[in-house]
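**Q** Take this structure first; my questions come after.
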């Protein structure tokens, strides 16, 4: 008989397997592991958890920041979220248009990036409210009836609040003023 053949009990010869079946199982297991690891890696990459930088870098590049990898966070400046502060209660004033007395109700919010500015606004709220009420009560109805007039008033309110904060605290800190309610009669 040949060396590779083994005689079985019945007298017939059988060729032994040379491990090919086990090799196929190992290859299939390795392929499955590679696919699972690849899938997890791709999911984490596209979710922004690993590699490729974060989404904040992409946003700063879109807005004209250099793409050399140097952004504000590397220079010690963290990207800040805007903080909104609502003046409560709404401002209510009467003013004259020459013919009759008019009524104005303005709901106002400010936007800043610094919590300390909100604290400063709260601390100096009596002065801010007083000056804004004086400004609002001296308005012209015809001017306020236009979008340009409302924008001008928005700019004047921003300047007034900045001026008060600069006088009282030494820094302005307010970025924007928004009218969240505007009623005239």
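Each value in this text was obtained by applying a stated rule to the coordinates, not by laboratory testing. The structure displayed is predicted, hence computed values, not measured ones. In this analysis, Cβ positions are derived from the backbone assuming ideal geometry, glycine residues included, and neighbour counts consider all displayed protein chains.
**Q** Taking the residues in segment 97-112 that are in contact (Cβ under 8 Å) with a residue 12 or more places away in the chain and either part of a loop (DSSP other than H, G, I, E, B) or touching a helix residue (DSSP H, G or I) at 6+ places or on another chain (Cβ under 8 Å) (or both) as candidates, determine which candidate is surrounded by the fewest Cβ atoms within 10 Å (Cβ to Cβ).
**A** Only one residue fits best here, namely 97.
**Q** Please note which helices (runs of 4 or more DSSP H) are completely contained in segment 113-185 and include at least 2 residues that are within 25 Å of residue 98 (Cβ to Cβ).
**A** Result: 125-137, 141-144, 147-169.
**Q** Name the single residue that is surrounded by the fewest Cβ atoms within 10 Å (Cβ to Cβ) among those in segment 161-174 being closer than 21 Å to residue 89 by Cα and within 28 Å of the chain's Cα centre (by Cα).
**A** Only one residue fits best here, namely 162.
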